[in-house]
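Quick notes on the structure that follows.
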Amino acid sequence: MTSTIDILSVPIQNVTMEEACQFAFQFIDEGKAASIATANAEMVMKAQEDAELAHILQDADLVVPDGAGVLWAAEQQGCHFKERVTGVDLACRLLKEAASRQTAVYLFGGAEGIADAAADNLRRIHGDMNIVGTHSGFFTDEAERQIIDDIRTRGTQILLVALGVPKQEKWISDHMYELGPCLCMGVGGTFDVLSGKACRAPKWMQEHRLEWLYRLAKEPTRFKRMLALPKFVAAVKSSTKAK
């Protein structure tokens, strides 16, 4: 197994994008259930106050360094992640590989119609992808049972769950072993990008760790969520001094 770097007690694997993809398909090829989480500063801070989320991240099969904040936090400890492995980029990498292998993919979450739009775009990009099902992130308790049955009976091998943090991580943890042997990954707003509803930051902003600024400019309502960043910086600084 790869080495890990702990960021505020959240163990994050030090992997490249390619290594994360290989790891995922190893589980798929072996027919095992597994979970992937994508850690950024906001998620790590939520885990400081949410013991259930912290436990889920500590037990996940793979936690990748999604945000620029966690790369910075590792550097404060004198460590370095090999590269930033964002959730949206990893999802796209897995979907590209799934298209070539005809791996069974299910898209679950997002606003009404977004998962369907994402599926349509993916088929335009990759051709006849084996997308076995989609469902929005809105459902009743009764419908939830039907969704779980649908995911399992359709032979899903990759399940992307877009319910937001921490709901998606908790949903995966609660139901992973009811879903059959599939790889489950929480993907946040990835379906918005895949559907064309949202755009990524320019490449230069991604490379200079400024994607958060682009997203804030596009969605000013994210301001309250961004308040987690200074708290994260303070917590990391305090943690580093204590060592």
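Laboratory data are not the source of any read-out in this text; all were calculated from the coordinates shown. Bear in mind the structure is a predicted one, so any value in this text is a computation, not a measurement. FYI the Cβ positions are ideal-geometry reconstructions off the backbone, even for glycines, and counts take in every protein chain you see.
Per-residue 3J(HN,Hα) values for segment 128-136, derived from phi via the Karplus relation 6.51 cos²θ - 1.76 cosθ + 1.60 with θ = phi - 60°, read 7, 5, 8, 8, 8, x, 9, 7, 5 Hz in sequence order (x marks Gly and Pro).
Distances between placed amide hydrogens fall under 5 Å for residue 63 paired with 13, 37, all partners being 5 or more residues away or on another chain. Working note: Karplus 6.51/-1.76/1.60 with θ = phi - 60° gives segment 107-112 the couplings 10, 10, x, x, 5, 4 Hz, where Gly and Pro are set to x. Rounded to the nearest 500, the 222 nm mean residue ellipticity of the chain from helices alone is -15500 deg cm²/dmol, with -39,500 (n - 2.57) taken per DSSP H run of at least 4 residues. Each peptide in 42-51, 159-168 gets a packing score, the mean of other Cβ atoms within 10 Å over its residues, and the list from highest to lowest is 159-168, 42-51.
Each of residue 139 and residue 22 was given a label point 7 Å from its Cα along the Cα-to-Cβ line. The distance between the two points is 3.4 nm. Under the simplified labelling scheme, the residue 203-residue 3 pair shows an inter-label distance of 3.0 nm, with each label point 7 Å from Cα along Cα→Cβ. Rounded to the nearest whole Hz, the Karplus-based 3J(HN,Hα) values (6.51 cos²θ - 1.76 cosθ + 1.60, θ = phi - 60°) of segment 37-48 follow the sequence 10, 10, 8, 10, 4, 4, 5, 4, 5, 4, 5, 5, with x at glycine and proline.
Spin-label pair residue 79-residue 123: with each label point 7 Å from Cα along the Cα-Cβ axis, the two points sit 4.4 nm from one another.
Working from Cα pairs under 8 Å separated by at least six residues, relative contact order for the chain is 23 percent.
Extension gain, residue 58 to residue 100, is 11.9 nm, computed as 0.36 nm per intervening residue step minus the present C-alpha separation.
Summing charges over all other residues whose Cβ lies under 15 Å from the Cβ of residue 103, with Lys and Arg as +1 and Asp and Glu as -1, gives +2. Most simply put, the chain has about 15% antiparallel DSSP beta bridges, counting only bridges with both residues inside it. Around the amide H of residue 7, modelled in the peptide plane, lie the amide H atoms of 12, all under 5 Å away and 5 or more residues distant in sequence or on another chain. Counting other Cβ atoms within 10 Å as a rough exposure proxy, the listed residues 232, 191 run 232, 191 from fewest neighbours to most. Considering only 28, 45, 95, and ranking their Cα positions along the charge dipole of segment 1-97 that arises from unit charges at the beta-carbon of Lys, Arg, Asp and Glu, the one farthest toward the positive end is 95. Amide H contacts of residue 109: 135, 136, 137, 162, each under 5 Å away and 5 or more positions distant or on a separate chain (H built 1.01 Å from N in the peptide plane; Pro and chain starts excluded). Over the C-alpha trace of the chain, radius of gyration and Dmax come out as 17.4, 54 angstrom.
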